[in-house]
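To start, the structure under review is shown below, and the notes come after it.
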């Protein structure tokens, strides 16, 4: 009976796990993408071509997270941190910093 109850609890929690905030970046130059994982402020970034995604990460504004990622991975053309997407002006400022 406990196993059935535990399974029901996990099944009910599954949508919460599936809807975790998105963290992603598109690099301006795919050649600058790392071949393995890169950790920036606790977020583990993995890239395939110019598309990079991350899991984890510290609580901080998306603009700061973008500057930290650009410092490690290079300029970006799009950036979303924990569900907050940066607009064109914010991305330009991020790349310039």
Of these, 36, 57, 49, 42, which one is loosely packed, with under 15 Cβ neighbours inside 10 Å, within 14 Å of residue 24 (Cα to Cα) and at pLDDT below 95? 49
Residue selected from the stretch 83-97 under the condition more than 13 Å from residue 28 (Cα to Cα) and in contact with a strand residue (DSSP E or B) (Cβ under 9 Å, 6 or more places away or on another chain), by the criterion surrounded by the most Cβ atoms within 10 Å (Cβ to Cβ): 86
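The values are calculated or read from the model by the stated rules, or taken from the named source; none is laboratory data. This is a predicted model, so every value here is computed, not measured. FYI the Cβ positions are ideal-geometry reconstructions off the backbone, even for glycines, and counts take in every protein chain you see.
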